[in-house]
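Presented below is the structure to which this report refers.
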Amino acid sequence: MTEIRLFPNDDDEVVRGLRSLYAAPAGDAYWNELEARIMARVADVELGWWTELDRWVRPAVVAAATLLLAAGIAMFRAREAESDLAVETMLASPSVPVSTAIRPALDNDRDTRIRYLFGCSDQEPTCSGQNNRR
Amino acid sequence: MTSFADGKPDERALVVAAQRGDSEAFAQLVRLHQRRAYAVCRAIVLTHEDAEDAVQEAFLHAFKALDRFLPDQPFGAWLYRIMANASLDLVRRRKVRDADELPETIPMAFRDPGESDELRRRLNEALTKLTARQRSVIVLHDVEGFTHGEIGEMLGIPEGTARSDLHHARAALRRMLKDVRSDL
């Protein structure tokens with residue numbers, strides 16, 4: 001892409017002035033020293049305990065995730081086995097007719113209401129449900 | 001050991017070696033890029049000393065983040081983005097710290113005695129009138145030769161914004177230095 005340069009000439013005084021103001025230090029000695037300083041700081045980081053920690057972070061995260069997954073699967077299987085056992089127990093128990101299980105309660109309820117309506121107590125034999133029915 | 005073709009360091013091989021923990025390979029990457037890296041930082045910060053600090057911080061950051069870098073990408077672009085971020089961070093920190101004592105002029109670290117004093121003085125003064133971003137864009141483009149796209153990527157702004165910043169910066173400098181330039 002062609003760019004329109006407002007300072008078209010490289011000899012432009014402003015560009016030259018800018019280059020002079022922003023000139024990087026000349027001489028290899030400076031750059032060698034800067035490199036040495038950078039590498040000294042890098043060496044400090046390399047020897048730091050946090051690098052070792054950082055190295056272990058990923059495996060630790062993977063291990064934790066694997067453990068969580070394994071625990072989740074184990075819990076799921078245990079729950080499944082529990083519900084299977086419950087179903088099996090229910091199926092294995094002798095069946096009870098529904099009427100046998102419910103009627104006494106209903107009868108009992110009806111007797112209580114009748115006793116209440118006739119103002120009878122349990123102690124009076126004439127007020128029993130059987131007597132009323134007769 | 002890192003192999004070299006024609007005596008020229010293979011940047012990708014150096015990056016891969018550095019990622020494996022070869023500190024000599026990282027030192028070679030520093031050697032390859034430190035001048036350009038300094039230029040990027042110097043365009044953003046106000047002083048040579050700050051540029052030095054930013055370069056060191058950024059190389060350190062790059063070293064720590066090296067394992068996340070994909071070697072097939074251009075290393076330079078990645079590194080200069082880190083340089084620009086470190087410089088912008090430094091500028092932000094300085095702005096907070098020196099809020100009450102903003103410098104009147106940009107310090108001149110390397111002075112060429114042959115240069116016109118008047119132009120330098122006026123240019124220095126004019127640069128302080130630009131915004132920090134405009135100043136960075138004009139230096140990165142006109143002095144360092146980065147493209148609008150590269151500058152946008154480095155400074156985290158759209159390419160069009162870099163282009164418009166450059167246009168405004170040049171117009172402002174031309175306006176402020178018009179009389180000086182005609183005197184030269």
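The values are calculated or read from the model by the stated rules, or taken from the named source; none is laboratory data. Note that the coordinates shown come from a computational prediction; the quantities given were computed from them, not determined experimentally. Cβ placement follows ideal geometry from the backbone for every residue including glycine, while neighbour counts extend to all protein chains displayed.
The set of residues in the stretch B:129-167 that are surrounded by fewer than 15 Cβ atoms within 10 Å (Cβ to Cβ), assigned to a helix (DSSP H, G or I) and not small (Gly, Ala, Ser) comprises B:Lys129, B:Glu159. In the stretch B:20-32, which residues are crowded, with 21+ Cβ neighbours inside 10 Å and at the interface with chain A (Cβ under 7 Å from one of its Cβ atoms)? If the condition is that a residue be crowded, with 21+ Cβ neighbours inside 10 Å and at the interface with chain A (Cβ under 7 Å from one of its Cβ atoms), then B:Phe26, B:Val30 are the ones that fit.
When you scan the stretch B:77-95, do you find a residue that is outside any helix (DSSP H, G or I), modelled with pLDDT of 60 or more and at negative phi, even just one? The answer is no, given that none of the residues of the stretch B:77-95 is outside any helix (DSSP H, G or I), modelled with pLDDT of 60 or more and at negative phi.
One line per residue, one yes/no per condition, for (1) charged (D, E, K, R); (2) more than 14 Å from every other protein chain (Cβ to nearest Cβ); (3) touching a residue at least 60 places away in the same chain (Cβ under 8 Å):
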residue	(1), (2), (3)
B:Arg12	yes, yes, yes
B:Ala18	no, no, no
B:Leu60	no, no, no
B:Gln73	no, yes, no
B:Arg92	yes, yes, no
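Looking at B:Arg42, B:Arg35, just one residue is surrounded by fewer than 17 Cβ atoms within 10 Å (Cβ to Cβ), among the charged types (D, E, K, R) and within 13 Å of another protein chain (Cβ to nearest Cβ), and that residue is B:Arg35.
Looking at the stretch B:67-95, which of its residues are surrounded by 18 or more Cβ atoms within 10 Å (Cβ to Cβ) and under 15 Å from A:Val42 (Cβ atoms)? Of everything in the stretch B:67-95, those that are surrounded by 18 or more Cβ atoms within 10 Å (Cβ to Cβ) and under 15 Å from A:Val42 (Cβ atoms) turn out to be B:Leu79, B:Ile82, B:Ala86. Checking each residue in the stretch A:16-39 for being in a helix (DSSP H, G or I) and within 7 Å of another protein chain (Cβ to nearest Cβ) picks out A:Gly17, A:Leu18, A:Arg19, A:Ser20, A:Leu21, A:Trp31, A:Leu34, A:Glu35, A:Arg37, A:Ile38, A:Met39.
Of all residues in the stretch B:131-164, those satisfying the criterion of being within 13 Å of chain A (Cβ to nearest Cβ) and acidic (Asp, Glu) are B:Asp142, B:Glu144, B:Glu150, B:Glu159.
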